[in-house]
Structures are given as structure tokens and as C-alpha cells.
1. Pairs of alpha-carbon atoms within less than 8 angstrom and 6+ residues apart define the contacts here; what relative contact order does region B:159-200 have, in percent?
2. Suppose R0 equals 30 Å; then what is the FRET efficiency for residue B:27 and residue B:276 from their Cβ-Cβ distance, rounded to the nearest 0.05?
3. Find how many whole Å separate the alpha carbon centroid of region B:95-112 from the alpha carbon centroid of region A:131-147.
4. Suppose the Debye formula is applied to equal point scatterers at every Cα of chain B; what is log10 I(q)/I(0) at q = 0.07, 0.13, 0.14 Å⁻¹?
5. Can you tell me what the convex hull of the Cα atoms of region B:68-128 projects to on average, as an area in nm²?
6. Hey, what's the Kirkwood Rh for the protein assembly as shown if you take every pair of different alpha carbons, in angstrom?
7. Among A:290, A:414, B:209, which comes first, second and so on when ranked by fewest other beta-carbon atoms within 10 Å?
8. Based on alpha-carbon centroids, what's the gap between region B:2-78 and region A:304-369 in Å, whole number please?
């Protein structure tokens, strides 16, 4: 992964970073790198995520999914960090095995999905560290019932990915289900390179060792200077632009296969950095499509944004056939790949021409190795940004309030948060 | 559609709107409503969009797609406003006919898609007002070639939706293709209730008259007061929150079927209002999924956001089976619908408890009538917001720069914008 920050400097953009500020930033990066290295060495909560290339046991993952080989599809039941990493790999890489993600509790959607899938040749992966996530457990109960209704032995077709103890662990023990352990010290949104993210990928036939290899090379590229470390450069620049006024960060890959990557990144960035009144708002975008949707705002709206491009250097191409349509002959003989590349370069330049800061992330190809590399680098970038903000990157305390309120509303105990729901301030217009 | 602005008032939220400011806002809404009515009566560019419930000819649309009845799938070739309205309807409503949207020029993605689809039973709808949109025309040339390669007569399977003249109109005339006219005065992002948005829906078997009927009822609900008009209330409140500091607007429907609606809205809002250094940044979110991704940031990050919920009052439900799993018994006997509703109410209350402004939009069901109603209302809301900002809602001049640069890069003429691309400021870290 390469990072080009040329269009984030103040000679191009507003807000932008002066070159001398880069040097000051670099010394803060050096300190932060030291803190990160300490945290990793001590296996501290969260920092441990960056050790995954060493600690993950890909052999055990392959072994756990071995009984499910030959499945036509996989239903992954999990939400948030228990789904997005795996979904990112699945969306990016082609496979004959379809992977579905039950990451919402919309009844109409789930009913349609379960009707579409042949459950008799489907493997089920239930992912929840605590084993108590209401959405995940509810969905699993529904899937279990649907399998029973079709005469499918759900226990034959299910593995669980969970913590050392809890409901799901008990369930696995009781029914003798294969199970994978969620690693300690790794928050869900940092777990793509573990059992959480890799098991479904392994069953889809992807080379999970190449994913880890890419991550390991990213790990080796971390250093005490942003000038040498693409991951740290990205995290430091995004932070520096945020505090100079770019409170929004549009993640815009120029590849359909990376659409889910932008969602994964949005969770990682938002949930890690959004605290203490701080944090840049990630916006999921897609090139070239969003040129026809969001670009007007990015160029001509408030100067409160940066745009992060992810460009893929090499891909399979499709020729554009020749045409005698007037004014379009220039397209004939070109290719879709040339077109999307030209649109990327044009959009990047058009933002620079409008003084809008933007950063280019470039990867060689969308394959296992480069995905592992990209995902690890973005995790390290997030950790670096968290250090620079001075916040606790690895917690998400603000979501607890709503969990208690929902539980109270469903009769799962007495919570004062549930009472607040009834006191809503209503001002309705109809 | 009902709008509840109770959680946008300053007694709840920061930023929030004082009740006396609502009255002042209401008099500006009255003036803007008058301006909008004048524009509509004079068929002015853009304002004409709000006349679509009267001007659209659903009979002609049904007639144009009649020759394609029996197709197993539809490939819609179009980008931005030529795709998003139609895609919103397609994602929201169930159909036996699959609709695909070629709204990007990623060669790997297009190649995979064309391999998956049985082209011999596929209808193709090419949508471009100008007939010169590079992405759309290139994709169409590729589809045409793919059909020829499989011995399918593309001319038998294609209709075009375009302006009165231009490349696509010429092509239609030459090959005697059925064609639909993009209405005058209706920018792409406002065109869902026209030939652009409804033709594919008609071929999918949806009741497009019910869609228009829902829009007509929304149209009738427009009045000179925000207290009587849900659409104007929403547009005015979003604008008022933006200028008080909520520069980000997260659109968060609690329904998987409305995920594409959030994308449609994001284009409408961003491209209409993002100009002159103004405009609120739309963020596409999804409930309940994004509670596990974005909620931490929304609650605990900077107070620069509002959240717009879309809640569906009535839907088919799925019971959650009873369980003996410890700590989860409260879920058994409940339903996924009750769970997602409880999560919605809990999230709404949790934002209010954190002083984050939020607005609830409620619709009765996800069906043709209510979608037409919702889409029209959001268009009217956008028009109202545009009046209050005092900008030209219907243009998108900032995207022209990049189009010229891309065209120049591809050898389609001399453009100084293309030269700027070569002068990019490079600062690469690897």
C-alpha cells in the first residue's frame, strides 16, 4: 500500500497541512509509535489487535471449517465488527460459495433471505464474543427454527465463533459444535485478521495465509516516522486535517469490490475515534458512481471535508467496442479500465483544483495479499489517529445506553433508560 | 408520511431549535412556498419536478415496456439520477424480475455481472438525458457487444430513456427501439416519478399508478406552513439545524428495504444543496446495523450532526423462537419486528439523552403508495431547503471540471483541465 499526501498539503488544499507542520507531526508519530509498541509488547487490550499476524492460527481456522466443505452457501450471523471484516473479504474476492450476512433484524428481509437460500447445503457461522448480542442470538434462533422446519439438522451445519465462556460457548459444548475462539484483547472492529474475519473466507476458498502474509508485511512497514510508514502517514494526516477543519472524511474506493471495505473502515474509524466530543465522521462513497451524486457537494460545499481515494493499480479490463455514435467515438478502442482510471485522476485533480484536501491510497490489486495489507494498514492508521487524539481507541461506551433501553423495552429487566423512551418529546407534523 | 421534530428542539438537543425560532422559520416557509408555487405554475426548470404527479403518463410507460414482458431480468444502464430513483423502488419492493444497475464502470464488476445474467431473457434500459454520458454509453456498448457475442438480438431487447435529441435518440430512431422521453425541467436526481424512475418498476410488475397516487397525496399536503406540511417541516428543520452547527445529516432508515432510499436521498440532498460553500453532508446509515458501527460517534463525537430516522409502522413479522439459553429467555416469545422497533426507539432516545438532534420520519408500510409519498415529500423537502439557503437547487456546475478532465485524458478533445492532472502535487509514502 502506498499513500500519496501531496493533495493534503497547504500549498494545494484548504484546510491543508504546512510542510513544517509535517515535521512536528512526525515527532508526535514517533512518540505514539513507541506507546503502540509498548502496548503490543504488553498484550494490552486493543493494542493486541496489531499482533494478529503473529498470533492468528490459520491452520486451526481451516480445520474448524473443514466439516462444512462442499456447502453452497454460508450464513454468517453477527453484527458490527462480527460481520464487517468477513463481509469485506467476501465482497472483494470472487467465490463459488455465497456468503450472506445476517447483520440486521429486519423480519421481512430475513424471511426473504431464508426463503431464497437452500438451507440443506448451507453452513451457519454464529459470531458473538459475549454470546449475548440480542440481534445475533435472535437471528440465530430464527435460522435454527427455519432449518428444523425444513428437516435440516442445524447442529450438523453450524459452528460458533465466541469467547471462552457464555451462552454460545455453552451451546457449542451441549451440541458438540465446532467452535472458534474470539481472541482476547481484540475489539470486534479490529478482528478481521482473526477467527472472526477469516473463517468464512477460508470456507469460501480464499487463501487466508496470503491475507495474513499481506498483513505481516504491513506490520513490518510500521516505523517511528510517518515518512516511512504509509499506515501512520494516513492516520496522522487524517487527524491533522480533522483538527484543521476537515471533520468529514469521505472514503471513496474506485472499485466496486471495495464498497464493503468502505463500510468496514467507517465502523473502524467512527467507533474508535468518536468519543470525548472528538472524531472525524467517515462517509462511505464509491468511485466513479458518486461523482454523479456527492462530488458537487465535495467540491462546492463547505470546506469541512477530506476525501480518501483507494485506487487499484492493476485489474482485469474490458474493451469498449468501437461506435459510430457521434461525439462518442473517442471512447471506442479505449477500455472500461482506462475510463475508470481517467475518472479517478480527473476527480482527484478536480478536488485539488477546488482546494479540497484529498489523499490517495494505492494498492496493486484486489487479491488476498493486498487486502490483508490494506486492512492491517488501516487498523494501524486508526490506532495512530487514536494516539494523536489522546482518546481510548478500543472502547465504545456510548452504545451501552441504547442497549439497556432496548433490553428494558423487551422485558429483559428494569432499566431507567427504558423509562426515558416513554418520555420522548413529541412534536408531530402530519 | 409523518414527521416528528420533537427531538430537534432546543429543550432536547444541542444544536436545537427554540420554539420561537420555529415561528420565524414558518414565515420564511410561507414565502418560499409561494416562490415554489410560482416556479411550478411557470414550469420553471427544476420546480417542474414537483408537477410530476400531474404530468407523468403512466400509460405510456407501461406501453413502452410491454414488448419486454416476460423478461427474467432488466439491466438498467445509467448513473446518478438516471439510476438511483429506479434502484430505490427496486430495492424496496419485491419482484420476480431482477433489476440490475450498471451505475459504475468497473470492468471486473461488469464482466462478472454479465456472466451471471442470462442475456437472452434480459431487457436493457439505457438512461441518459443527454445521450453523451461517458459511463452510460460505454457500458451500453459493452452490453450490446456481450449480447451479440451470445447471439442475442440486442435491438429486440433494448429501450432507451433519453432527451428529445442526441446520440441515444438517433440510435433509437435508427434501430426502431421503443423510447421514453426524459421530461423537460426535471433534473436527474428529481426524476424518480417520471419515465426515468418508473419504467423499470413497471416491468418489474410494480403498481406505478399507486406510486404516483402516493406522490399526489404528498403534493396536496404542501402548504404555506411547516406546521401543516411534513415535507416542508423536514426541509426547514434540517436547514435550521445545519446553520446552527449540524453540518452532517445521517439518514438512517430502520428497514433493509430502504437502504437504497438513503443513497437516493444522499444524492438529492448533496447535489441540490452542496454549493456556494453551503450544504449539509448527507451520510447513509442503516438501522439497526449501524448502531454497532456509527452510533458511538453520533452520541459521543462532535455535536455537528443530526440523525434522520425513517421508521416503518407496519411490517410482516417473524417470531423469535423460545430458548433455554441463559440470559436470552426474554427474547423468546418476542419477534424480530418488536426487536427492531425497540432498538429504534432506544436509539432515538439514546441520541436525545446525549443532546443529539434527531428527526423521526414515519411511513405506514413499504409499498408503492407509501414510497411514492415518501419520495415526493423528500423532493419537496429538498426544494424547501434550497429556497431557505437561497441557492440554485437544480444545477450541479461543480462536476463539469472533472468531466472535461476525464474527456481530455481519454483523447476526446483538448481541455486545460486534463493538463492539470499531470501537474499533481505528489508526496508519496511507501
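1. Dividing the mean separation by the residue count of region B:159-200 yields 36 percent.
2. Efficiency at R0 = 30 Å is approximately 0.80.
3. Cα centroid of region A:131-147 versus Cα centroid of region B:95-112: 32 Å apart.
4. Relative scattering, expressed as log10 I(q)/I(0), comes to -0.38, -1.20, -1.32.
5. Seen from a random direction, the Cα hull of region B:68-128 projects 4.3 nm² on average.
6. Computed over Cα pairs of the protein assembly as shown, the Kirkwood hydrodynamic radius comes out at 27.4 Å.
7. A:414, B:209, A:290
8. One Cα centre to the other: 33 Å.
We did not get these values from a lab; they are worked out from the coordinates using the rules stated. Since we're looking at a predicted model, the values are computed, not measured. A quick note on method: Cβ atoms are made from the backbone with ideal geometry, for glycine too, and the neighbour counts reach across all protein chains shown.
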